[in-house]
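S.K.: Structure in structure tokens, see below.
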Amino acid sequence: MKLFKIRFFALILFVTGWSSLLGQTPKITRGPYLQVVTPSSIIVRWRTDMPTSSKVLYGQKQDKLNLTATSANLTTEHEITLSSLKPATSYHYAIGTDNIPLAVGSDMFFHTAPKTGAKTKVRIWAIGDFGNSSDNQINGRDQILKATTDHRPDVWLMLGDNAYSKGFDDEFQRHLFAQYQNSFLPNTPSYATPGNHDYGGKPDQFDIPYFKSFTMPEKAEAGGVPSGSESYYSFDYGNIHFVSLDSYGKLDGQHWLYDTTGRQVDWLKRDLAANKQPWTIVFFHHPPYTKGSHDSDKETALVKIRQNLLPILERYNVDLVLGGHSHVYERTFPLVGHYGLAQTFDKNKHVVSAATSDQHNEYRLGRKKQGIIYIVAGSGGQLGGKANGYPHPAMVYSNNTEGGSMLIDVAGKRLNARWVCSDGVVRDEFTIVKK
Ligand SMILES: [Fe+2]
């Protein structure tokens, strides 16, 4: 995105009727960025340095932005929903106030989601523990850009600890919004899950920049069961059902994620029971299995999530669970029923797998089911750490020296996942094929 350039003036004025450039010009200080994409709608957000009205011009051709959505409400936090869009369709857009264009550019575009259940190829980018402006974060971003020139990510999952170290607004600004503004934010819809750092270490404080920065599909705008909460939500994209859980907040003043009598887990069960999509990906920050910078044998939340939550995820045939928190990359075997400490892991008992080799890089399920693969992708910015007993025995692959993030491609019945490191090397990759 480039701030408005002179060569676009005539075009934009002609197309839109933006007619006045007089007076003080507001500046964009954040965004534009995209939220809650569905087959027929998307939300465009941005921030300005003074309260203004909001206007989005959009259309299927960059030189013909013939549609308009506006709000006369004067605000610095702009949030405009574009609706009545066509599914699986590309649009370009520009933003401004009611009468002043503020930003337009060749990177300001979006693709609407395919019709729910469609077998269209979907590319997911998942990254955890990233917002620290480290070389690892920046190099990793550039490698993902390079790896996705043929197909930009459709869905961007932020796996928590999105802005270090206290989740302050200026930390989101510097470590997240500034780092991705010239690459992914103007064209890649993001879905966040909260980490302990996003909460500033205070699990009972919900008036935090994390919740103000993102718009969650809490009303099931894109499918799933309405959660009625910004903390946790679900959505469909193509033939994938996604669920984001809050593994840090003390919800309703009393329930952690592992308190399975709380509203979050009650909703989760109803949501998973109603899910009809062939693929299910659940993401939350705190990993049930890890021996990196955190130890799933020692940390209460990790132990209890493993004991109490995993039987529910297993019951509803979840395919992948993505998390972070530990600043390493780890990928488990497909697991069923391993709720104890690492030393109780028994490959013969706890691995239910359709792997075609000992390498565990190809799973051909046919009509069979297999266990859940748990991935820690917590080295998107932060990096390193080693707990006693590293690597965890339930892991196919562990790496605590390289940073990176995941690209997951789903095309019909085939899912391919690869871990793209900050030097561009893919160091782990696997495929699941269903019937
Ligand atoms: Fe964390």
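S.K.: Would you mind estimating how fast the chain diffuses translationally, via Stokes-Einstein at 25 °C and 0.890 mPa s with the Kirkwood radius over Cα pairs, in µm²/s?
M.R.: Reported coefficient: 111 µm²/s.
S.K.: Let me ask something else about it. In deg cm²/dmol, rounded to 500, what helix-only [θ] at 222 nm does the chain give when every DSSP H run of at least 4 residues adds -39500 (n - 2.57) and the total is split over its residues?
M.R.: Estimated from H runs of four or more residues: -3500 deg cm²/dmol.
S.K.: Among Ile408, Ile127, what is the fewest-to-most ranking by other Cβ atoms within 10 Å?
M.R.: Ile408, Ile127
S.K.: Report, ordered by chain and residue number, the lysines lying within cross-link reach of Lys121, taken as a straight Cα distance under 16 Å and ignoring same-chain residues fewer than 8 apart.
M.R.: Here the lysines satisfying the reach criterion relative to Lys121 are Lys413, Lys434.
S.K.: Among the lysines, which fall within straight-line cross-link reach of Lys291, defined as a Cα-Cα distance under 28 Å, with same-chain neighbours fewer than 8 residues apart omitted?
M.R.: Leaving aside lysines fewer than 8 places away in the same chain, those within reach of Lys291 are Lys166, Lys202, Lys250, Lys304, Lys347, Lys349, Lys369, Lys386.
S.K.: How far is the Cα center of the stretch 311-372 from the Cα center of the stretch 45-61, in Å?
M.R.: 44 Å
S.K.: On a straight-distance basis, which aspartates and glutamates could pair with Lys269 in a cross-link, Cα separation under 20 angstrom, same-chain partners fewer than 8 positions away excluded?
M.R.: Here the aspartates and glutamates satisfying the reach criterion relative to Lys269 are Glu218, Glu221, Glu230, Asp236, Asp246, Asp252, Asp259, Glu314, Asp319.
S.K.: Let me ask something else about it. Taking square-rooted eigenvalues a ≥ b ≥ c of the alpha carbon gyration tensor, is the stretch 315-435 rounded, prolate or oblate, where a/c under 1.5 means rounded and, failing that, a/b exceeding b/c means prolate?
M.R.: Oblate.
S.K.: Going by average Cβ neighbours within 10 Å, how do the peptides 413-422, 337-346 rank, with the highest at the top?
M.R.: By packing density, highest mean first, the sequence is 413-422, 337-346.
S.K.: Follow-up question, since we're still on this one. For the stretch 382-435, take the convex hull of the Cα atoms, compute a quarter of its surface area, and give me that in nm², please.
M.R.: So the Cα hull casts an average projection of 4.6 nm².
S.K.: About the Cα centre of the stretch 122-434, what is the dipole size in debye to 20, counting +1 per Lys and Arg Cβ and -1 per Asp and Glu Cβ, all else neutral?
M.R.: My answer is approximately 1040 debye.
S.K.: Which of the listed residues, Tyr248, Thr261, Thr300, is farthest toward the dipole's positive end in the stretch 234-332, when Lys, Arg count +1 and Asp, Glu count -1 at the beta-carbon?
M.R.: Farthest towards the positive pole: Thr261.
S.K.: Quote the charge dipole size of the stretch 184-322 about the Cα centre in Debye, to the nearest 20; the model charges only the Cβ of Lys and Arg (+1) and of Asp and Glu (-1).
M.R.: In debye, rounded to 20, the stretch 184-322 gives about 180.
S.K.: Restricting to Cα pairs below 8 Å that are 6+ residues apart, what does the relative contact order work out to for the chain? Please round to a whole percent.
M.R.: Result for the chain is 15 percent.
S.K.: Once Lys and Arg get +1 and Asp and Glu get -1 on their Cβ, which of Ser134, Pro153, Leu322 lies farthest toward the positive end of the dipole of the chain?
M.R.: Comparing the listed Cα positions along the dipole, Pro153 ranks first.
Quick note: the coordinates plus some simple rules give every number you see, no bench work behind them. The model shown is predicted, which means the values in this text are computed figures rather than measured ones. A quick note on method: Cβ atoms are made from the backbone with ideal geometry, for glycine too, and the neighbour counts reach across all protein chains shown.
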